[in-house]
Amino acid sequence: MDFAGNSKKTGRPTRNKKQFNRVGHNLQFYKIPPTGEISLQEFEEYAIDRLKVLKAVEVAGIRLMKGSSEYIQKLQDELRKTSLGHDLIRTDKKEDKDFRQKDLVSHFILRLAYCRSEELRRWFMQQELELFRFRFLREGPDSRDEFLRENSLNYEPISDDLKTELDGELRAAAGSKSGVVDTVEYFKVPFTEVFDLVSKRKVYLEDGYAYVSRDDMISIVITHYRSHLSHSLAVTTRALPHLEEDGRLLPMLCGLSKRYLGQDFNAKKSNVGEITADMIETLSKKSFPLCMQQLHQSLRQNHHLRHGGRQQYGLFLKGIGVSLEEAMRFWRTEFCKAMDVDKFDKQYSYNIRHNYGKEGKRTNYTPYSCMKIITTNPPGPGDFHGCPFKHMEVDMLAQKLRGQHISKDNVEKISKCVKTGHFQIACAQYFEATHNIRNPEDSASININHPNGYFLDSYKLLNGPKEGTKPVPNTPKVIKVKVEGTGTPSSQTNKQSDLNDMDDDDLIASMETDM
Ligand code: SF4
(Lines give C-alpha, C1' and ligand atoms only; values in the text may rest on other atoms or scores of the structure.)
Protein backbone atom coordinates (compact mmCIF):
# COMPACT_ATOMS: atom_id res chain seq x y z
CA MET A 1 0.00 0.00 0.00
CA ASP A 2 1.09 3.55 -0.57
CA PHE A 3 0.05 6.20 1.84
CA ALA A 4 -0.92 9.51 0.29
CA GLY A 5 0.42 12.77 1.75
CA ASN A 6 -0.07 14.40 5.09
CA SER A 7 -3.83 14.39 5.38
CA LYS A 8 -3.61 14.67 9.17
CA LYS A 9 -3.03 18.39 9.03
CA THR A 10 -5.82 19.19 6.62
CA GLY A 11 -8.15 16.40 7.70
CA ARG A 12 -8.58 15.56 3.99
CA PRO A 13 -6.86 13.07 1.75
CA THR A 14 -4.52 14.90 -0.63
CA ARG A 15 -4.97 12.29 -3.36
CA ASN A 16 -7.80 9.96 -3.97
CA LYS A 17 -6.56 7.26 -6.32
CA LYS A 18 -7.67 3.90 -5.05
CA GLN A 19 -6.60 1.42 -7.65
CA PHE A 20 -6.58 -1.72 -5.61
CA ASN A 21 -6.27 -5.21 -6.94
CA ARG A 22 -9.62 -6.73 -7.89
CA VAL A 23 -11.16 -9.14 -5.42
CA GLY A 24 -13.21 -11.84 -7.12
CA HIS A 25 -15.25 -13.32 -4.27
CA ASN A 26 -17.07 -12.07 -1.20
CA LEU A 27 -14.81 -14.27 0.92
CA GLN A 28 -11.03 -14.21 0.91
CA PHE A 29 -8.04 -15.92 2.43
CA TYR A 30 -6.29 -12.54 2.07
CA LYS A 31 -3.38 -14.08 0.22
CA ILE A 32 -2.41 -11.11 -1.94
CA PRO A 33 -1.64 -7.83 -0.16
CA PRO A 34 -3.50 -4.83 -1.57
CA THR A 35 -1.65 -2.57 -3.95
CA GLY A 36 -3.05 0.89 -4.42
CA GLU A 37 -3.11 4.27 -2.78
CA ILE A 38 -4.81 5.25 0.41
CA SER A 39 -4.68 8.40 2.51
CA LEU A 40 -3.53 8.26 6.12
CA GLN A 41 -7.00 9.29 7.19
CA GLU A 42 -8.57 6.39 5.32
CA PHE A 43 -5.88 4.08 6.67
CA GLU A 44 -6.95 4.93 10.22
CA GLU A 45 -10.66 4.76 9.42
CA TYR A 46 -10.32 1.33 7.83
CA ALA A 47 -8.33 0.07 10.80
CA ILE A 48 -10.94 1.28 13.28
CA ASP A 49 -13.81 -0.10 11.22
CA ARG A 50 -12.25 -3.57 11.17
CA LEU A 51 -11.34 -3.37 14.83
CA LYS A 52 -15.00 -2.69 15.61
CA VAL A 53 -15.95 -5.78 13.60
CA LEU A 54 -13.45 -8.00 15.42
CA LYS A 55 -14.51 -6.63 18.80
CA ALA A 56 -18.12 -7.47 17.91
CA VAL A 57 -17.01 -11.03 17.12
CA GLU A 58 -15.18 -11.22 20.44
CA VAL A 59 -18.14 -9.92 22.45
CA ALA A 60 -20.55 -12.45 20.94
CA GLY A 61 -18.10 -15.34 21.32
CA ILE A 62 -17.23 -14.82 24.96
CA ARG A 63 -20.74 -14.62 26.32
CA LEU A 64 -22.55 -17.23 24.23
CA MET A 65 -21.94 -20.73 22.98
CA LYS A 66 -20.49 -20.54 19.49
CA GLY A 67 -22.80 -21.97 16.84
CA SER A 68 -25.92 -21.66 19.02
CA SER A 69 -28.87 -19.74 17.61
CA GLU A 70 -28.46 -17.07 20.33
CA TYR A 71 -24.83 -16.67 19.34
CA ILE A 72 -25.66 -16.32 15.64
CA GLN A 73 -28.35 -13.77 16.37
CA LYS A 74 -26.11 -11.80 18.73
CA LEU A 75 -23.18 -11.78 16.32
CA GLN A 76 -25.43 -10.67 13.49
CA ASP A 77 -26.83 -7.85 15.63
CA GLU A 78 -23.39 -6.75 16.81
CA LEU A 79 -21.95 -6.78 13.28
CA ARG A 80 -24.87 -4.78 11.93
CA LYS A 81 -24.01 -2.01 14.38
CA THR A 82 -20.69 -1.45 12.58
CA SER A 83 -20.47 -0.04 9.07
CA LEU A 84 -17.98 -2.61 7.73
CA GLY A 85 -19.64 -5.50 9.56
CA HIS A 86 -22.99 -4.47 8.10
CA ASP A 87 -21.51 -4.72 4.60
CA LEU A 88 -19.68 -7.97 5.26
CA ILE A 89 -22.84 -9.83 6.17
CA ARG A 90 -25.22 -8.23 3.69
CA THR A 91 -26.89 -10.80 1.48
CA ASP A 92 -27.86 -8.31 -1.27
CA LYS A 93 -24.26 -7.29 -2.03
CA LYS A 94 -23.82 -8.94 -5.44
CA GLU A 95 -23.73 -5.62 -7.31
CA ASP A 96 -21.78 -3.66 -4.70
CA LYS A 97 -18.17 -4.84 -4.73
CA ASP A 98 -16.57 -1.87 -2.90
CA PHE A 99 -16.80 -3.59 0.42
CA ARG A 100 -14.45 -6.33 -0.82
CA GLN A 101 -11.59 -3.89 -1.17
CA LYS A 102 -12.29 -2.37 2.19
CA ASP A 103 -12.42 -5.88 3.62
CA LEU A 104 -9.05 -6.67 2.07
CA VAL A 105 -7.30 -3.43 2.99
CA SER A 106 -8.64 -3.30 6.55
CA HIS A 107 -7.59 -6.90 7.15
CA PHE A 108 -4.02 -6.14 6.08
CA ILE A 109 -3.84 -3.00 8.21
CA LEU A 110 -4.82 -4.92 11.32
CA ARG A 111 -2.42 -7.67 10.37
CA LEU A 112 0.31 -5.05 10.68
CA ALA A 113 -1.02 -3.84 14.01
CA TYR A 114 -1.58 -7.28 15.52
CA CYS A 115 1.55 -9.17 14.45
CA ARG A 116 3.72 -7.59 17.13
CA SER A 117 3.29 -10.09 19.95
CA GLU A 118 2.13 -13.63 20.51
CA GLU A 119 -0.87 -12.43 22.50
CA LEU A 120 -1.98 -9.97 19.83
CA ARG A 121 -1.50 -12.51 17.07
CA ARG A 122 -3.59 -15.07 18.95
CA TRP A 123 -6.41 -12.59 19.51
CA PHE A 124 -6.40 -11.43 15.89
CA MET A 125 -6.42 -14.98 14.53
CA GLN A 126 -9.19 -16.07 16.83
CA GLN A 127 -11.49 -13.25 15.77
CA GLU A 128 -10.63 -13.38 12.07
CA LEU A 129 -11.21 -17.14 11.92
CA GLU A 130 -14.53 -16.81 13.66
CA LEU A 131 -15.57 -13.97 11.37
CA PHE A 132 -14.62 -16.06 8.36
CA ARG A 133 -16.56 -19.08 9.63
CA PHE A 134 -19.64 -16.95 10.21
CA ARG A 135 -19.45 -15.41 6.75
CA PHE A 136 -18.71 -18.69 4.98
CA LEU A 137 -21.77 -20.32 6.51
CA ARG A 138 -23.94 -17.44 5.31
CA GLU A 139 -22.91 -17.90 1.68
CA GLY A 140 -25.07 -20.07 -0.58
CA PRO A 141 -23.87 -23.51 -1.83
CA ASP A 142 -22.81 -22.16 -5.26
CA SER A 143 -20.80 -19.35 -3.73
CA ARG A 144 -19.08 -21.75 -1.32
CA ASP A 145 -18.16 -24.08 -4.18
CA GLU A 146 -16.83 -21.16 -6.19
CA PHE A 147 -14.70 -20.09 -3.24
CA LEU A 148 -13.29 -23.60 -2.79
CA ARG A 149 -12.47 -23.79 -6.51
CA GLU A 150 -10.77 -20.37 -6.48
CA ASN A 151 -8.60 -21.46 -3.58
CA SER A 152 -7.70 -24.85 -5.05
CA LEU A 153 -9.59 -26.76 -2.39
CA ASN A 154 -10.92 -29.21 -4.94
CA TYR A 155 -12.09 -32.20 -3.01
CA GLU A 156 -13.80 -35.01 -4.95
CA PRO A 157 -16.89 -36.47 -3.27
CA ILE A 158 -16.69 -40.21 -2.57
CA SER A 159 -18.57 -42.49 -4.94
CA ASP A 160 -22.12 -43.66 -4.23
CA ASP A 161 -20.86 -47.24 -3.90
CA LEU A 162 -18.35 -46.32 -1.21
CA LYS A 163 -20.96 -44.24 0.56
CA THR A 164 -23.36 -47.18 0.61
CA GLU A 165 -20.59 -49.41 1.91
CA LEU A 166 -19.83 -47.01 4.78
CA ASP A 167 -23.48 -46.16 5.44
CA GLY A 168 -23.54 -47.57 8.99
CA GLU A 169 -20.29 -45.88 10.05
CA LEU A 170 -21.27 -42.53 8.55
CA ARG A 171 -24.64 -42.62 10.30
CA ALA A 172 -23.01 -43.50 13.61
CA ALA A 173 -20.57 -40.59 13.25
CA ALA A 174 -23.41 -38.19 12.31
CA GLY A 175 -25.29 -39.17 15.51
CA SER A 176 -28.63 -37.42 15.83
CA LYS A 177 -28.17 -35.90 12.36
CA SER A 178 -27.82 -39.27 10.65
CA GLY A 179 -30.48 -38.23 8.13
CA VAL A 180 -27.90 -36.04 6.35
CA VAL A 181 -26.15 -39.18 5.08
CA ASP A 182 -28.99 -39.67 2.60
CA THR A 183 -28.89 -36.15 1.23
CA VAL A 184 -25.36 -34.71 1.30
CA GLU A 185 -22.09 -35.63 -0.36
CA TYR A 186 -19.12 -36.92 1.63
CA PHE A 187 -15.41 -36.20 1.10
CA LYS A 188 -12.39 -38.26 2.04
CA VAL A 189 -9.66 -36.03 3.53
CA PRO A 190 -6.51 -36.59 5.64
CA PHE A 191 -7.63 -36.51 9.30
CA THR A 192 -5.04 -33.80 10.03
CA GLU A 193 -7.23 -31.34 8.13
CA VAL A 194 -10.21 -31.76 10.45
CA PHE A 195 -8.77 -32.01 13.95
CA ASP A 196 -11.75 -30.22 15.45
CA LEU A 197 -14.21 -32.76 14.01
CA VAL A 198 -11.99 -35.63 15.13
CA SER A 199 -11.78 -34.26 18.66
CA LYS A 200 -15.58 -33.95 18.79
CA ARG A 201 -15.93 -37.48 17.32
CA LYS A 202 -18.04 -36.10 14.50
CA VAL A 203 -16.37 -37.99 11.64
CA TYR A 204 -15.74 -41.56 10.65
CA LEU A 205 -11.99 -42.33 10.51
CA GLU A 206 -10.31 -45.07 8.52
CA ASP A 207 -6.65 -45.53 7.59
CA GLY A 208 -5.74 -41.95 8.46
CA TYR A 209 -8.61 -40.45 6.45
CA ALA A 210 -11.72 -38.73 7.71
CA TYR A 211 -15.07 -38.89 5.88
CA VAL A 212 -16.47 -35.39 6.07
CA SER A 213 -19.97 -34.35 5.02
CA ARG A 214 -20.44 -31.28 2.84
CA ASP A 215 -22.09 -29.55 5.82
CA ASP A 216 -18.82 -29.88 7.76
CA MET A 217 -16.56 -28.62 4.96
CA ILE A 218 -16.08 -25.41 6.93
CA SER A 219 -13.69 -27.31 9.22
CA ILE A 220 -11.39 -28.05 6.29
CA VAL A 221 -11.59 -24.48 5.05
CA ILE A 222 -10.84 -23.09 8.50
CA THR A 223 -7.81 -25.37 8.87
CA HIS A 224 -6.38 -24.00 5.62
CA TYR A 225 -7.16 -20.43 6.56
CA ARG A 226 -5.62 -20.84 10.04
CA SER A 227 -2.41 -22.22 8.65
CA HIS A 228 -2.19 -19.50 6.01
CA LEU A 229 -2.94 -16.69 8.48
CA SER A 230 -0.51 -17.99 11.07
CA HIS A 231 2.27 -18.13 8.49
CA SER A 232 1.38 -14.69 7.11
CA LEU A 233 1.46 -13.11 10.56
CA ALA A 234 4.92 -14.55 11.17
CA VAL A 235 6.10 -13.13 7.84
CA THR A 236 4.57 -9.74 8.64
CA THR A 237 6.35 -9.68 12.00
CA ARG A 238 9.68 -10.10 10.27
CA ALA A 239 8.86 -7.22 7.91
CA LEU A 240 7.81 -4.92 10.75
CA PRO A 241 11.19 -3.21 11.35
CA HIS A 242 10.86 -1.57 7.90
CA LEU A 243 7.73 0.19 9.12
CA GLU A 244 9.67 1.87 11.90
CA GLU A 245 11.14 4.10 9.24
CA ASP A 246 7.67 5.57 8.73
CA GLY A 247 7.03 7.70 11.81
CA ARG A 248 3.43 8.35 10.72
CA LEU A 249 2.17 4.79 10.88
CA LEU A 250 3.87 3.15 13.80
CA PRO A 251 2.33 5.17 16.66
CA MET A 252 -1.13 4.59 15.22
CA LEU A 253 -0.58 0.88 14.69
CA CYS A 254 0.90 0.42 18.17
CA GLY A 255 -2.04 2.20 19.80
CA LEU A 256 -4.72 0.24 17.93
CA SER A 257 -4.86 -2.77 20.24
CA LYS A 258 -5.53 -0.54 23.24
CA ARG A 259 -7.97 1.70 21.48
CA TYR A 260 -11.35 2.30 23.04
CA LEU A 261 -14.02 2.60 20.35
CA GLY A 262 -17.09 3.60 22.27
CA GLN A 263 -18.57 6.76 23.74
CA ASP A 264 -16.01 9.02 25.47
CA PHE A 265 -18.32 9.90 28.40
CA ASN A 266 -17.29 13.49 28.45
CA ALA A 267 -19.13 15.31 31.27
CA LYS A 268 -21.03 17.46 28.74
CA LYS A 269 -22.68 14.33 27.39
CA SER A 270 -23.72 12.92 30.76
CA ASN A 271 -27.47 12.45 30.56
CA VAL A 272 -28.33 11.56 34.13
CA GLY A 273 -28.36 15.19 35.24
CA GLU A 274 -26.02 16.90 37.70
CA ILE A 275 -24.57 14.78 40.48
CA THR A 276 -23.76 16.68 43.67
CA ALA A 277 -21.00 15.84 46.15
CA ASP A 278 -23.59 14.63 48.67
CA MET A 279 -24.97 12.04 46.25
CA ILE A 280 -21.65 10.30 45.59
CA GLU A 281 -21.61 8.11 48.72
CA THR A 282 -25.00 6.53 47.96
CA LEU A 283 -24.31 6.17 44.26
CA SER A 284 -20.98 4.50 44.93
CA LYS A 285 -22.77 1.67 46.71
CA LYS A 286 -25.46 1.22 44.09
CA SER A 287 -24.04 2.02 40.70
CA PHE A 288 -20.25 2.31 40.73
CA PRO A 289 -18.16 -0.44 39.16
CA LEU A 290 -15.78 -2.24 41.48
CA CYS A 291 -12.77 -0.15 40.41
CA MET A 292 -14.49 3.08 41.45
CA GLN A 293 -15.95 1.57 44.62
CA GLN A 294 -12.42 0.67 45.63
CA LEU A 295 -11.16 4.19 45.02
CA HIS A 296 -14.09 5.72 46.85
CA GLN A 297 -13.67 3.46 49.86
CA SER A 298 -9.94 4.08 50.19
CA LEU A 299 -10.52 7.81 49.86
CA ARG A 300 -13.07 7.62 52.68
CA GLN A 301 -10.75 5.53 54.84
CA ASN A 302 -7.45 7.35 54.23
CA HIS A 303 -8.75 10.84 53.32
CA HIS A 304 -6.22 10.75 50.52
CA LEU A 305 -5.57 9.18 47.12
CA ARG A 306 -2.32 9.19 45.19
CA HIS A 307 -2.10 10.71 41.73
CA GLY A 308 -3.14 7.62 39.73
CA GLY A 309 -6.23 7.20 41.89
CA ARG A 310 -7.16 10.87 41.79
CA GLN A 311 -6.92 10.87 37.99
CA GLN A 312 -8.94 7.69 37.48
CA TYR A 313 -11.59 8.57 40.05
CA GLY A 314 -11.66 12.33 39.38
CA LEU A 315 -12.28 11.90 35.65
CA PHE A 316 -14.88 9.21 36.31
CA LEU A 317 -16.77 11.59 38.62
CA LYS A 318 -16.54 14.32 36.01
CA GLY A 319 -17.95 11.87 33.45
CA ILE A 320 -20.98 10.96 35.56
CA GLY A 321 -21.95 14.61 35.83
CA VAL A 322 -20.14 16.07 38.88
CA SER A 323 -19.42 19.74 38.13
CA LEU A 324 -16.07 21.38 38.92
CA GLU A 325 -17.55 23.18 41.93
CA GLU A 326 -19.05 19.97 43.33
CA ALA A 327 -15.85 18.04 42.61
CA MET A 328 -13.84 20.66 44.49
CA ARG A 329 -16.28 20.46 47.41
CA PHE A 330 -16.12 16.65 47.41
CA TRP A 331 -12.32 16.36 47.34
CA ARG A 332 -11.78 19.22 49.77
CA THR A 333 -14.23 17.79 52.32
CA GLU A 334 -12.49 14.42 52.25
CA PHE A 335 -8.86 15.57 52.10
CA CYS A 336 -9.34 18.22 54.76
CA LYS A 337 -10.18 15.57 57.31
CA ALA A 338 -6.44 14.89 57.30
CA MET A 339 -4.88 18.24 56.30
CA ASP A 340 -5.64 21.92 56.48
CA VAL A 341 -7.47 23.79 53.73
CA ASP A 342 -4.38 25.82 52.76
CA LYS A 343 -2.40 22.71 52.01
CA PHE A 344 -5.24 21.27 49.97
CA ASP A 345 -5.65 24.45 47.95
CA LYS A 346 -1.92 24.69 47.32
CA GLN A 347 -1.22 21.09 46.42
CA TYR A 348 -4.38 19.50 45.07
CA SER A 349 -6.89 22.00 43.73
CA TYR A 350 -4.75 22.73 40.64
CA ASN A 351 -4.99 19.09 39.61
CA ILE A 352 -8.77 19.06 39.91
CA ARG A 353 -9.18 22.24 37.87
CA HIS A 354 -6.70 20.83 35.37
CA ASN A 355 -8.90 17.77 34.79
CA TYR A 356 -11.80 20.07 34.00
CA GLY A 357 -9.71 22.01 31.47
CA LYS A 358 -9.34 25.12 33.63
CA GLU A 359 -5.55 25.05 33.96
CA GLY A 360 -2.52 24.38 31.76
CA LYS A 361 -3.41 23.58 28.17
CA ARG A 362 -7.11 23.72 29.08
CA THR A 363 -7.76 20.31 27.60
CA ASN A 364 -11.12 18.82 28.40
CA TYR A 365 -9.89 15.41 29.58
CA THR A 366 -12.14 12.38 29.15
CA PRO A 367 -12.63 9.57 31.68
CA TYR A 368 -10.54 6.42 31.32
CA SER A 369 -11.94 3.40 29.49
CA CYS A 370 -11.60 -0.14 30.87
CA MET A 371 -8.97 -0.91 28.26
CA LYS A 372 -6.86 2.01 29.39
CA ILE A 373 -7.26 1.16 33.07
CA ILE A 374 -6.44 -2.49 32.46
CA THR A 375 -3.47 -2.02 30.16
CA THR A 376 -1.65 1.08 31.41
CA ASN A 377 -0.13 2.33 34.63
CA PRO A 378 -0.55 -0.72 36.91
CA PRO A 379 -0.99 0.17 40.60
CA GLY A 380 1.95 -0.12 42.99
CA PRO A 381 2.09 -0.25 46.81
CA GLY A 382 -0.15 2.42 48.29
CA ASP A 383 -2.10 2.83 45.05
CA PHE A 384 -5.77 1.99 44.70
CA HIS A 385 -6.35 2.70 41.03
CA GLY A 386 -6.51 0.07 38.29
CA CYS A 387 -9.08 -2.65 37.67
CA PRO A 388 -9.66 -5.05 40.59
CA PHE A 389 -10.48 -7.86 38.15
CA LYS A 390 -7.07 -7.44 36.56
CA HIS A 391 -4.86 -6.15 39.36
CA MET A 392 -6.15 -7.85 42.49
CA GLU A 393 -5.09 -11.34 43.58
CA VAL A 394 -7.89 -13.77 42.67
CA ASP A 395 -8.26 -14.99 46.28
CA MET A 396 -8.53 -11.46 47.60
CA LEU A 397 -11.02 -10.58 44.91
CA ALA A 398 -13.15 -13.62 45.81
CA GLN A 399 -12.99 -12.61 49.47
CA LYS A 400 -14.07 -9.09 48.60
CA LEU A 401 -16.99 -10.38 46.52
CA ARG A 402 -18.12 -12.71 49.29
CA GLY A 403 -17.97 -9.68 51.61
CA GLN A 404 -20.52 -8.06 49.31
CA HIS A 405 -22.82 -11.09 49.72
CA ILE A 406 -22.37 -12.27 46.16
CA SER A 407 -23.39 -15.91 45.87
CA LYS A 408 -20.82 -18.71 45.83
CA ASP A 409 -21.77 -19.65 42.25
CA ASN A 410 -21.31 -16.10 41.02
CA VAL A 411 -17.99 -15.71 42.85
CA GLU A 412 -16.78 -18.89 41.17
CA LYS A 413 -17.99 -17.71 37.76
CA ILE A 414 -16.27 -14.35 38.16
CA SER A 415 -13.02 -15.94 39.44
CA LYS A 416 -12.99 -18.31 36.47
CA CYS A 417 -13.26 -15.40 34.05
CA VAL A 418 -10.49 -13.53 35.87
CA LYS A 419 -8.18 -16.56 35.70
CA THR A 420 -8.69 -16.82 31.96
CA GLY A 421 -7.93 -13.12 31.48
CA HIS A 422 -11.49 -12.01 30.63
CA PHE A 423 -11.56 -9.07 33.03
CA GLN A 424 -14.37 -7.11 31.41
CA ILE A 425 -16.55 -10.21 31.20
CA ALA A 426 -15.88 -10.76 34.90
CA CYS A 427 -17.04 -7.18 35.47
CA ALA A 428 -20.19 -7.82 33.41
CA GLN A 429 -20.90 -10.87 35.57
CA TYR A 430 -20.39 -8.74 38.64
CA PHE A 431 -22.93 -6.29 37.21
CA GLU A 432 -25.40 -9.14 36.68
CA ALA A 433 -24.84 -10.49 40.18
CA THR A 434 -25.28 -7.12 41.86
CA HIS A 435 -28.28 -6.13 39.76
CA ASN A 436 -29.93 -9.53 40.06
CA ILE A 437 -30.07 -10.17 36.32
CA ARG A 438 -30.98 -13.75 35.55
CA ASN A 439 -32.48 -13.70 32.08
CA PRO A 440 -29.82 -15.00 29.61
CA GLU A 441 -31.02 -12.54 26.95
CA ASP A 442 -30.44 -9.63 29.31
CA SER A 443 -27.06 -11.07 30.33
CA ALA A 444 -25.89 -11.27 26.75
CA SER A 445 -26.69 -7.59 26.24
CA ILE A 446 -24.37 -6.38 29.03
CA ASN A 447 -20.98 -5.36 27.70
CA ILE A 448 -18.62 -3.49 29.98
CA ASN A 449 -16.12 -1.32 28.13
CA HIS A 450 -16.07 1.77 30.27
CA PRO A 451 -16.61 2.48 33.99
CA ASN A 452 -18.89 5.37 33.04
CA GLY A 453 -20.87 3.04 30.78
CA TYR A 454 -21.26 0.69 33.73
CA PHE A 455 -22.52 3.59 35.85
CA LEU A 456 -24.92 4.78 33.17
CA ASP A 457 -26.41 1.32 32.61
CA SER A 458 -26.79 0.76 36.34
CA TYR A 459 -28.27 4.21 36.98
CA LYS A 460 -30.84 3.82 34.23
CA LEU A 461 -31.67 0.32 35.32
CA LEU A 462 -32.36 1.50 38.84
CA ASN A 463 -33.94 4.84 38.12
CA GLY A 464 -35.29 4.57 34.58
CA PRO A 465 -34.21 6.98 31.83
CA LYS A 466 -34.39 10.64 32.71
CA GLU A 467 -37.29 12.41 31.01
CA GLY A 468 -36.37 13.59 27.55
CA THR A 469 -33.41 11.22 27.21
CA LYS A 470 -33.24 8.15 25.05
CA PRO A 471 -33.29 4.83 26.85
CA VAL A 472 -29.98 2.95 26.92
CA PRO A 473 -30.15 0.36 24.15
CA ASN A 474 -30.31 -3.26 25.30
CA THR A 475 -30.49 -2.34 28.95
CA PRO A 476 -32.10 -5.16 30.94
CA LYS A 477 -35.31 -4.41 32.75
CA VAL A 478 -34.84 -6.13 36.14
CA ILE A 479 -34.44 -3.75 39.06
CA LYS A 480 -32.94 -4.98 42.31
CA VAL A 481 -29.61 -4.08 43.83
CA LYS A 482 -27.56 -5.84 46.44
CA VAL A 483 -24.13 -4.24 46.59
CA GLU A 484 -23.15 -3.96 50.22
CA GLY A 485 -20.18 -3.73 52.48
CA THR A 486 -16.73 -2.37 51.99
CA GLY A 487 -13.73 -4.20 50.74
CA THR A 488 -10.06 -4.21 51.47
CA PRO A 489 -7.63 -2.87 48.93
CA SER A 490 -5.59 -5.28 46.90
CA SER A 491 -2.00 -6.00 47.82
CA GLN A 492 -0.33 -4.59 44.80
CA THR A 493 3.29 -4.71 43.86
CA ASN A 494 5.30 -3.98 40.77
CA LYS A 495 4.61 -0.33 40.31
CA GLN A 496 5.67 0.99 36.94
CA SER A 497 5.65 4.64 36.26
CA ASP A 498 3.66 5.04 33.07
CA LEU A 499 3.55 8.58 31.88
CA ASN A 500 2.58 7.81 28.32
CA ASP A 501 -0.83 9.31 28.65
CA MET A 502 0.26 12.47 30.40
CA ASP A 503 1.15 15.70 28.75
CA ASP A 504 3.56 18.20 30.33
CA ASP A 505 0.87 19.74 32.45
CA ASP A 506 -0.17 16.33 33.76
CA LEU A 507 3.37 15.58 34.61
CA ILE A 508 3.92 18.82 36.48
CA ALA A 509 0.67 18.36 38.38
CA SER A 510 1.66 14.81 39.21
CA MET A 511 5.11 15.74 40.48
CA GLU A 512 3.75 18.56 42.56
CA THR A 513 1.07 16.54 44.26
CA ASP A 514 1.77 12.80 44.18
CA MET A 515 2.15 12.05 47.85
FE1 SF4 B 1 -13.69 -0.88 36.22
FE2 SF4 B 1 -13.75 -1.70 33.68
FE3 SF4 B 1 -12.43 -3.09 35.54
FE4 SF4 B 1 -15.08 -3.06 35.52
S5 SF4 B 1 -13.74 -3.90 33.93
S6 SF4 B 1 -13.78 -2.81 37.31
S7 SF4 B 1 -15.48 -0.96 34.88
S8 SF4 B 1 -11.95 -1.04 34.83
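The values are calculated or read from the model by the stated rules, or taken from the named source; none is laboratory data. As the structure is a prediction and not an experimental result, all values here were calculated from the model. Cβ placement follows ideal geometry from the backbone for every residue including glycine, while neighbour counts extend to all protein chains displayed.
Figure legend. Inter-residue proximity from region 353-381: first residues more than 16 Å from the ligand (Cβ to nearest atom), second residues among the hydroxyl-bearing types (Ser, Thr, Tyr) and not in a loop (DSSP other than H, G, I, E, B), beta-carbon distance below 9 Å, spacing 6+ or different chains. Indicated pairs: Glu359/Tyr350; Gly360/Tyr350.
Among the hydroxyl-bearing types (Ser, Thr, Tyr) and either part of a strand (DSSP E or B) or buried (at least 20 other Cβ atoms within 10 Å of the Cβ) (or both): is that true of Tyr46 in this structure?
Criteria met by Tyr46.
In summary, Thr282 fulfils each of the numbered conditions (1) under 23 Å from His435 (Cα atoms); (2) surrounded by fewer than 17 Cβ atoms within 10 Å (Cβ to Cβ); (3) modelled with pLDDT under 75 with the single exception of condition (3). Condition first: in contact with a Gly (Cβ under 9 Å, 6 or more places away or on another chain), assigned to a loop (DSSP other than H, G, I, E, B), within 15 Å of the ligand (Cβ to nearest atom) and not aliphatic (A, V, I, L, M). Can you find one or more residues in region 299-319 that meet it? Scanning region 299-319, I find no residue that is in contact with a Gly (Cβ under 9 Å, 6 or more places away or on another chain), assigned to a loop (DSSP other than H, G, I, E, B), within 15 Å of the ligand (Cβ to nearest atom) and not aliphatic (A, V, I, L, M), so the answer is no. What pairs come up if the first residue lies in region 288-310 and is closer than 23 Å to Val272 by Cβ, the second is among the hydroxyl-bearing types (Ser, Thr, Tyr) and more than 10 Å from the ligand (Cβ to nearest atom), and their beta carbons are under 6 Å apart, counting only those six or more places apart or on different chains? What qualifies is Gln293/Ser284; Leu295/Tyr313; His296/Ser284; Gln297/Thr486. Testing Val341 on (1) surrounded by fewer than 18 Cβ atoms within 10 Å (Cβ to Cβ); (2) of a type outside the set (Asp, Glu); (3) within 16 Å of the ligand (Cβ to nearest atom), one condition comes back false. Which one is that? (3) is the only condition that Val341 fails. For Pro367, the requirement of being buried (at least 21 other Cβ atoms within 10 Å of the Cβ) and modelled with pLDDT under 95 is met. Residues of region 132-165 that are touching a residue at least 12 places away in the same chain (Cβ under 8 Å), in a loop (DSSP other than H, G, I, E, B) and under 32 Å from the mean Cα position of the chain (by Cα): Glu139, Asn151. For the residues Glu185, Glu139, the requirement of being touching a strand residue (DSSP E or B) at 6+ places or on another chain (Cβ under 7 Å) and surrounded by fewer than 18 Cβ atoms within 10 Å (Cβ to Cβ) singles out Glu185. Residues that are hydrophobic (A, V, I, L, M, F, W, C) and not in a helix (DSSP H, G or I) within region 410-422 are absent altogether. With the condition kept exactly as written, say whether any residue in region 409-423 is more than 12 Å from the ligand (Cβ to nearest atom), buried (at least 18 other Cβ atoms within 10 Å of the Cβ), without any contact (Cβ under 8 Å) to a residue 40 or more places away in the chain and acidic (Asp, Glu). No, there is no match, as no residue in region 409-423 is more than 12 Å from the ligand (Cβ to nearest atom), buried (at least 18 other Cβ atoms within 10 Å of the Cβ), without any contact (Cβ under 8 Å) to a residue 40 or more places away in the chain and acidic (Asp, Glu).
Any residue at all in region 446-463 that's away from the ligand (no atom under 12 Å from the Cβ), in a helix (DSSP H, G or I) and at pLDDT below 85? Looking for residues that are away from the ligand (no atom under 12 Å from the Cβ), in a helix (DSSP H, G or I) and at pLDDT below 85, one finds at least one in region 446-463, hence yes. Report whether or not Phe288 is closer than 23 Å to Met371 by Cα and either touching a Ser or Thr at 6+ places or on another chain (Cβ under 7 Å) or outside any helix (DSSP H, G or I) (or both). Answer is yes for this residue. Taking each residue of region 228-251 that is closer than 28 Å to Phe132 by Cβ and looking for partners that are part of a helix (DSSP H, G or I) and at pLDDT 90 or above with beta-carbon atoms closer than 6 Å, six or more apart or interchain, yields Leu229/Met125; Leu233/Arg121; Thr236/Arg111.
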